[in-house]
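Following: one structure in structure tokens, then a few remarks.
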Amino acid sequence: DEVLGATQTLSGRAGMTGTLTTVYRSPTPLHTPLRFRGWITGTERRKIRTAATLHAGDRLCAEATATFISIDAEVFMRLRDEREA
């Protein structure tokens, strides 16, 4: 969710997670450098679709997709401030 959330901000719009699907492809090893890659796969009105992968070296450990729903920046700031309080 963190990687996909950071990715959706590249759209220039604030958004909240609507759906999140993770498929684990292989065990993720401990004490190993990990590489996350995220990208926007599309937008449609208020929906921002993203995808991501997690690799340990050449090993694909997980894939994820998410749909974020964009919200007004003022609403986003209010929700953020309420959460921090």
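Between the amide H of ILE71 and those of ALA14, GLY15, MET16, distances stay under 5 Å, these residues lying 5 or more places away or on another chain, with hydrogens modeled in the peptide plane.
Spin-label model, ARG37/GLU82: points 7 Å from Cα along the beta carbon direction are separated by 3.9 nm. According to the Cα-based calculation, Rg over Rh for the chain is 1.06, with Rh computed by the Kirkwood formula. Shape summary: segment 1-45 maps onto an equivalent ellipsoid whose semi-axes, from the alpha-carbon gyration tensor, are 25, 12, 9 Å in decreasing order. For segment 26-32, backbone phi angles converted through the Karplus equation (6.51, -1.76, 1.60; θ = phi - 60°) give residue-by-residue couplings of 7, x, 8, x, 7, 6, 10 Hz, Gly and Pro being listed as x. Measure nothing but the geometry: give the 0 to 90° angle between the long axis through the Cα atoms of 73-84 and the longest principal axis through the Cα atoms of the chain, rounded to 10°. Compared with the principal axis, the helix lies near 70 degrees. Converting phi to 3J(HN,Hα) with the Karplus coefficients 6.51, -1.76 and 1.60 and the offset θ = phi - 60°, segment 47-58 yields 8, 10, 9, 9, 9, 8, 10, 10, 10, 10, x, 8 Hz in sequence order, with x at every glycine or proline.
Using mean Cβ contacts within 10 Å as the protection proxy, how do 41-48, 13-20 order, highest first?
Details: 41-48: 13.1, 13-20: 15.5.
Order by mean packing, descending: 13-20, 41-48.
No value in this document is a laboratory result; all are computed from the given coordinates. Quick caveat, the model's predicted, so the values are computed rather than measured. Positions of Cβ are backbone-derived with ideal geometry, glycine not excepted, and every protein chain shown enters the neighbour counts.
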